[in-house]
Amino acid sequence: SIRVIGTMLMIILGLSACSTLETGDPALGNDQGRQPVPPEGLSKWKIEGRIAVRTSDDSWHANLAWEHDRDFDRLRIHGPLGRGAVNIRLDEHEIRMELSDGTVYQSTVPDQLFQFRIGIAVPVRSLSYWVQGLPFPKGEYQLGHAPSGRLEFLDQGGWSVQYHGYAPNLPWDLPRKLSAFTNDTRLKLVIDSWSFPQGER
């Protein structure tokens, strides 16, 4: 009957809408009952973990401590290439990198300085969003989600980012393991802990 046909059409359209949202919206919830990360990202966070990099010429791994604020990022990379600790401060205008021997480098092009001193052109401004499971807001991207709504992969700026696990016991659904690929470069990041300054919760 017309009524039955109309009901079936409504169900089909409803399922189609749900499917589109599930695969296209990075801010969807998840099956753990935690809040999604807002599209603009969290304003303040800290992570500690490990980073590994492999290129066609070299490979290295290091410990990583990263403090993010809306206006700046501070990173401490300990152990890459036998250089000891590297302290980095990045804001909207420039990057400042201090090596363990006290040598300081400054640049307005972060990726180039990373390439020069660390051996990889890390898109650190984009990475501050990728570690939250979000695309960098300036630039085109493609996303892929699991049926739960969690982000599985992200392609942006010539990089392909894959998400291998999410951290438990957090107020937001945040990644724990991810890897990123571009050309002959592979980057792996394992986040051992997330923390949030007072007020972010």
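Quick notes on this one:
- Check on Ser160, open to solvent by less than 10 Å² (accessible area, probe 1.4 Å), under 21 Å from Val53 (Cα atoms), hydroxyl-bearing (Ser, Thr, Tyr) and part of a strand (DSSP E or B): no
- Members of region 168-184 found to be touching a Ser or Thr at 6+ places or on another chain (Cβ under 9 Å) and either surrounded by 18 or more Cβ atoms within 10 Å (Cβ to Cβ) or of a type in the set (Val, Ile, Thr) (or both), listed by number: Ala180, Thr182
- Filter result (at pLDDT below 90, open to solvent by 60 Å² or more (accessible area, probe 1.4 Å) and either among the β-branched types (Val, Ile, Thr) or at positive phi (or both)) within region 64-108: Leu81, Gly82
- Scanning region 103-158 for residues that are over 18 Å from Thr185 (Cα atoms), in contact with a strand residue (DSSP E or B) (Cβ under 7 Å, 6 or more places away or on another chain) and among the aliphatic types (A, V, I, L, M) gives Val104, Leu143, Ala146, Leu151.
- Extreme residue, most open to solvent (accessible area, probe 1.4 Å), among residues of region 126-151 that are in a strand (DSSP E or B) and hydrophobic (A, V, I, L, M, F, W, C): Leu143
- Number of positions in region 109-122 that are open to solvent by 20 Å² or more (accessible area, probe 1.4 Å) and part of a loop (DSSP other than H, G, I, E, B): 3
Condition check ((1) more than 30 Å from Leu99 (Cα to Cα); (2) modelled with pLDDT under 95) across all residues:
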position	(1), (2)
Ile118	no, yes
Ala121	no, yes
Pro137	yes, yes
Pro147	yes, yes
Tyr163	yes, no
Lys177	no, no
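- Here Ser43 fulfils each of the conditions (1) among the small types (Gly, Ala, Ser); (2) at pLDDT 95 or above; (3) open to solvent by 20 Å² or more (accessible area, probe 1.4 Å) apart from (2).
The values are calculated or read from the model by the stated rules, or taken from the named source; none is laboratory data. Remember, predicted model here, so these are calculated numbers, not experimental data. We place every Cβ from the backbone using ideal geometry, glycine too, and count neighbours over all the protein chains shown. Surface accessibility is based on the protein's heavy atoms, side chains included, excluding ligands, DNA and RNA. Shrake-Rupley method; radii C 1.70, N 1.55, O 1.52, S 1.80 Å.
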